Amino acid sequence: MVLPPAAALPRFPAGFLWGAATSAYQVEGAAAEDGRTASIWDTFCRTPGKVFQGHTGEVAVDHYHRFREDIRLMVDLGLTAYRFSVSWPRVQPTGHGPGVQKGLDFYRRLADELLAAGITPVATLYHWDLPQELESAGGWPERATAERFAEYAALVGEALGDRVGQWTTLNEPWCSAFLGYGSGVHAPGRTDPVAALRAAHHLNLGHGLTVTALRGVLPATARLSVSLNLHAVRPLTPSAADRDAVRRIDAVGNRVFLGPMLEGAYPGDLLADTAHLTDWSFVRADDEKEIHQPLDWLGVNYYTPTVVSATAEGAAPAREDGHGGGTASPWPGADRVGFHPAPGARTAMDWAVDPSGLHQLLTGLARCHPDLPLMVTENGAAYEDEPGADGTVDDPERAGYLHAHLAAVHRALTDGADVRGYFAWSLLDNFEWAYGYAKRFGLVHVDYPAQTRTPKASAHWYARVARTDELHPPAGA
Ligand code: IFM
């Protein structure tokens, strides 16, 4: 019998980066070691009622001490890149002045071990852990924080620039600004829409100043980027009112960053939507020019789409969607927008699984910015994984989620998007912010009391894809 030829598997381009990502506060632990001081997340975790069961990142998954073991896991997983973040309060505890040698040495050792293992280090400079001292001085709503950020970034660039070639300024500034200062479900827990808009601007400015500062200290070969959690926004119905709701959320969810960073200006409709709150006079004459720096690639973080509709006057104002409660809105200027569950299977975060949103974002960006390479810097899912009697962790939903999203990335490549790599969130189960350790996003299971690591079935599947550049279906798919 002659069998029909097996259909060719989707193949990723040679050199495509296969990565996994983490962030300092979520994995490092060692919160009071070697001179590290409190960040806003240490303070937030100590505030009763803010984080599930009072969990904290004090120990997390002890990556600070176990990074060598974790790099061995990355090698087993066939990873070619690791995206980590630098803890600002570990390397410059007060947010001012010279760096702390021991803190910088940790990242030097981490980068050296990665390079020795053939894994490209990708460093994020800010993944939400602002030194508490800077928040006490006003935090991101104040311009000075943007200036301090660029100084800190230059210090890290000088220390690591000979080892680290790929850099991301900010991770998900939308969360820092709008969950941190708008809905208050993230640190520092403030609920002030104007402070949230000011924070968004100063995060943008901090990004621009940092790109300039890094270009001054890094070798010309360094590649600079920012990672945005872009919202794939869809209308509940095709009505004009629901399409206007999409426009509003796209403005305050996406274009508030894409506008100044990639086009050199805030969108006029965002300024109009928020005019009853602020005149934006905190934006100074040259700020938009300063923010608009050439980038070498753009990082896209994607988990689930956002479905919105227009709501009637007098209806409850827009709340945050999918980030864990809160009574204030993280969407200034969008009070009459309603959020709806997207269709599809759900993860343990109650986020709908819909890979078409990732395709939508990547192809949309490629259309508007055809010369800007893209990288998926986060994508993944939480499920309630527990080891079976034999100690293995079977997580078919996660493998299915990753497979479907990688297929969407492949379709985007075929449709012309210049996607250079993919980072699964996350390498390890870790501290999931306001949810504490209740949500597991890792490719690798962590038994927290024992700190033992067990690669889940999805990790073994991902390793096969990474090693072959071919999108093999997971077992049972
Ligand atoms: O854990 C977070 C990460 O820190 C930022 N992006 C989303 C992830 C899952 O919620």
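The values are calculated or read from the model by the stated rules, or taken from the named source; none is laboratory data. Bear in mind the structure is a predicted one, so any value in this text is a computation, not a measurement. Here Cβ is always computed from backbone atoms with ideal geometry, including for glycine, and neighbour counts include all displayed protein chains. The protein model used for the area step is the full one, side chains on, heavy atoms only, and it has no ligands, DNA or RNA in it. Shrake-Rupley method; radii C 1.70, N 1.55, O 1.52, S 1.80 Å.
Tabulated values for the structure
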| read-out | value |
| --- | --- |
| Probe 1.4 Å - accessible area at residue 143, Å² to nearest ten | 50 |
| The chain, dipole about Cα centre (Lys/Arg Cβ +1, Asp/Glu Cβ -1), debye to the nearest 20 | 460 |
| Mean ellipticity per residue at 222 nm, deg cm²/dmol - from DSSP H runs of n ≥ 4 across the chain, formula -39500 (n - 2.57) | -10000 deg cm²/dmol |
| Cross-link reach list, lysines versus residue 456, counting only Cα pairs under 22 Å and skipping chain neighbours closer than eight places | 439 |
| Phi-based couplings in Hz for the stretch 287-298 (Karplus 6.51, -1.76, 1.60; Gly and Pro marked x) | 4, 5, 5, 5, 6, 7, 9, x, 10, 8, 7, 10 |
| Over the chain, equivalent-ellipsoid semi-axes from the Cα gyration tensor in Å | 31, 28, 23 |
| DSSP bridge orientation in the chain - percent antiparallel, rounded to nearest 5 | 25 |
| Among 146, 183, 116 - extreme Cα towards positive end, dipole of the stretch 114-204, charges at beta-carbon | 183 |
| Rounded accessible area of residue 368 (nearest 10 Å², 1.4 Å probe) | 90 |
